[in-house]
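Here the structure comes first, spelled out in C-alpha cells, and everything after it is commentary.
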Amino acid sequence: MTEGALDSTTFEPARLAALDDPYPVYKSLHLTGRSAIQTASGITCVIGYATADGVLRDGRFRSGPIAERFHKLLPSGPARDELSHRINFLDGEDHTRVLGLVQRAFTPARVRDLRPFVESKAEELLDAAVEDRADNATIDMRASFAHPLPSLVISEMLGVPLTDRDRLTEWTEAVTPLLGVEIPEGKIDRALDASRDFAAYAAELLEGRRRQPGNDLLTAMVEVTDGHERLSREELLSLVVTLYSAGHRTTRDLFCNGLLSLLRHPEQYAAIVADSSLVPGAINEFLRFETPTQYVARVPVIDVEIAGGSFTASIPALILLAAANRDPARFSEPDRFDIRRAEGASLSFASGPHHCLGAALARMESEVMLSAITRRWPRLALAEPAPRWWSSGPFRGVDQLWVQVE
C-alpha cells in the first residue's frame, strides 16, 4: 500500500503495517496543526512531541487497561498470562515494585561489563560475514550482523545457551502480532503456540537457576529481594520473554533502519569514519529518524488536557512515537537526516515511568556495531536502493540490508 492510501481524514493506525513508508502520512497529520487526532474507530492518536511526552509522564494515563484487553481477546493460557504480567503493562505500585526489583539486577554496571563481550562478538560476526559471502562484494548486514549480535548478547545476559537463540528469536517474532492494534488473521494460532513453547522453555530455565545459580541476569532476577518482596513466578516468566524479545528485535531494527538512512547520506558515513566521536549522535538520529517501535498505548482514567491534546476517560490513546519524532514543532527540518543534530532526545524509548529498561544496552550495542563497521569498511555503500520493509504489531524494520563492501 502506498502512503496516499491514508491521510489526516482517513487515518487508522491498524493500517500502518501495510504502508511501505508511514512518514508521509505522519507529515500530513502534522500539517493539520493538531497534536492529537481522533480516528473514525474512536482511537485518539497523539502525534505532537510535547503532547506525547506529557502523556507518557502523566500518572493519569495507565497501561493496565492494555493488559485487560489481552484478557478479553486471548484464550486462557501462556500468551494471556505473559502479556498481562508484562512490566510495560503494569501501573502504580505493581509497576514500581517490579521495576525496582528488576533494576537491582539490570544495573548500569552489568551493561558496562558486557561491552568487551559485545565488541568481541561484533568482530567475530563481521569476520564470518566476509568469509561466508556468496560473492566478493555484498553482505546482508541484517542477517549476518545486526540480527545475531543482539540475540547473542541477550542470551549471554540471561544465561541462555547460544545454541537455542534461533528458536527463541523465532518464538518472539511469532508473538509480536499480538501487540498490534489489530491481530492479523491467520497469525493468532502461531502466536499462541509460540507463547506456549517460550513459556515452557522459560519455566525450565528458571527452575534450573533455582537449583544451580549462575552469574547471569536470570539468576539475579530469581534471587533479587527488597524486604519480603520478590518477583513472582508469573512476573519472572514474563520478564524472560519481554527481555529476550526487546533485547534482540529493538536493537536490530534500530541499527538496520538507521544504517540504511546513514548509507543514503554517504557524506555523513564518511564523517563518522573520520571522527568516531560522532557515533553516539548518529545513534540518537537513528532512533529519531527511523523509529523501530512506531507506537505505544495508554488509557486515561479521567478526562485530561495536556499540551494541546484533549483525552476522554477510558478512550485508548495511541502515542505515535515515530510521528512525534518527526514533529516540526520540536525538530527543525524533521524529515532531514542529520547525525550532528543537537535538539534533545527522541521518544523512541518512551519517557516517564515506562522509559525502556534496556535503552542503555540498546545504545551500547548499536554504538559498538556502528563503530565496528565504519572502522572496517570506510567506503561501505548500499547494494540495493530500496530494501523491503516488514511490520509486525507496533514494530517496523528492514527485512534485508544488502551492502557493498571493499
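Each residue in the stretch 346-367 was checked for being of a type outside the set (A, V, I, L, M), more than 12 Å from the chain's Cα centre (by Cα) and surrounded by fewer than 23 Cβ atoms within 10 Å (Cβ to Cβ), and 5 pass.
Taking the stretch 29-44 as the region of interest, how many residues are under 17 Å from Pro328 (Cα atoms) and not in a helix (DSSP H, G or I)?
To start, the set of residues in the stretch 29-44 that are under 17 Å from Pro328 (Cα atoms) comprises 29-37.
If we keep only those that are not in a helix (DSSP H, G or I) as well, we get 31-37.
Within the stretch 29-44, residues that are under 17 Å from Pro328 (Cα atoms) and not in a helix (DSSP H, G or I) number 7.
Within the stretch 303-343, being of a type in the set (A, V, I, L, M), in a loop (DSSP other than H, G, I, E, B) and touching a residue at least 40 places away in the same chain (Cβ under 8 Å) holds for Ala307, Ile315, Ala329, Ile339, Ala342.
This table checks each residue for (1) small (Gly, Ala, Ser); (2) without any contact (Cβ under 8 Å) to a residue 24 or more places away in the chain.
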| residue | (1), (2) |
| --- | --- |
| Pro65 | no, no |
| Arg69 | no, yes |
| Gly77 | yes, no |
| Asp91 | no, no |
| Gly100 | yes, no |
| Phe106 | no, no |
| Leu114 | no, no |
| Phe145 | no, no |
| Leu149 | no, no |
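Evaluation of Ser232 against the conditions (1) among the hydroxyl-bearing types (Ser, Thr, Tyr); (2) surrounded by fewer than 23 Cβ atoms within 10 Å (Cβ to Cβ); (3) in contact with a helix residue (DSSP H, G or I) (Cβ under 6 Å, 6 or more places away or on another chain) shows that the sole unmet condition is (3). Figure legend. Inter-residue proximity from the stretch 387-406: first residues within 16 Å of Leu178 (Cα to Cα) and at pLDDT below 95, second residues hydrophobic (A, V, I, L, M, F, W, C) and part of a strand (DSSP E or B), beta-carbon distance below 8 Å, spacing 6+ or different chains. Indicated pairs: Trp390/Val398; Pro394/Val296; Arg396/Trp389; Arg396/Trp390. Among the residues of the stretch 344-365, the ones that are in a loop (DSSP other than H, G, I, E, B) and not aromatic (Phe, Trp, Tyr) come to 11 in all.
The values are calculated or read from the model by the stated rules, or taken from the named source; none is laboratory data. Only a predicted model underlies this, so the values are computations on that prediction, with no experimental measurement involved. Heads up, the Cβs are rebuilt from the backbone with ideal geometry, glycines too, and the neighbour counts pull from every protein chain shown.
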